[in-house]
Amino acid sequence: QVQLVESGGGLVQAGDSLRLSCAVSGRTFSDHGMAWFRQGPGQEREFVATINWSGSTSVYANSVKGRFAISRDNARNTVYLQMNSLKFEDTAVYYCALKPGRLENTQALAYDAWGQGTQVTVSS
């Protein structure tokens, strides 16, 4: 069965950087589009970034565009989220997600496997 395991979260100050990782097992990783979503305190889960199977196409939420970068290493079955210039409002639990098919997608309903989440807390 598919398993997604996130890591790399933590407590940082505003302006700092973090890199999240999500290791995937149980599926042929390169056959799947991937994404990161997040859920802040008292908020609904929201889209952050998505990437296609090869890494040639990525899409970002407006709130993170220019600060975050999604990437993948198909040899390591891992997707990453590099987060720079972190803001207090980036505080959330970050989830990686895997979808059927190779294309990227910004909609949570397109994804059928999710990780357990990793907490990112940004102090102002």
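The values are calculated or read from the model by the stated rules, or taken from the named source; none is laboratory data. None of these values were measured; they are calculated from a predicted model. Here the Cβ positions follow ideal geometry from the backbone for every residue, glycine too, while neighbour counts run over all protein chains shown. When the accessible area is computed, the model is the full protein with side chains, heavy atoms only, and any ligands, DNA or RNA have been set aside. Shrake-Rupley method; radii C 1.70, N 1.55, O 1.52, S 1.80 Å.
Close amide H pairs (under 5 Å, H built 1.01 Å from N) link SER85 with no residue at least 5 positions away or on another chain. Note on segment 25-114: Cα convex hull, mean projected area over all directions, 5.6 nm².
Derived scalar couplings between HN and Hα for segment 62-71 equal 4, 5, 10, 4, x, 10, 10, 9, 9, 8 Hz in order, rounded to whole Hz, by the Karplus curve 6.51 cos²θ - 1.76 cosθ + 1.60 (θ = phi - 60°), x for Gly and Pro.
Taking the Cα centre as origin and putting +1 on Lys and Arg beta-carbons and -1 on Asp and Glu beta-carbons, what dipole magnitude results for the chain, to the nearest 20 debye?
200 debye
Calculated accessible area for segment 28-124 comes out at 48 Å² per residue, all protein chains present (probe 1.4 Å; ligands, DNA, RNA ignored).
Each listed q (0.20, 0.30, 0.34 Å⁻¹) maps to a log10 I(q)/I(0) for segment 80-121, found by the Debye formula over equal Cα scatterers with no solvent: -0.75, -1.09, -1.19.
Dipole orientation for the chain: of the candidates GLY115, GLN82, SER7, GLN82 has the Cα lying most toward the positive pole (charges on Cβ; Lys, Arg +1; Asp, Glu -1). Counting only the Cα atoms, segment 1-68 fills a convex hull of 117 Å³ per residue.
Heavy-atom surface analysis with a 1.4 Å probe gives segment 2-124 a carbon and sulfur content of 46 percent of its accessible area.
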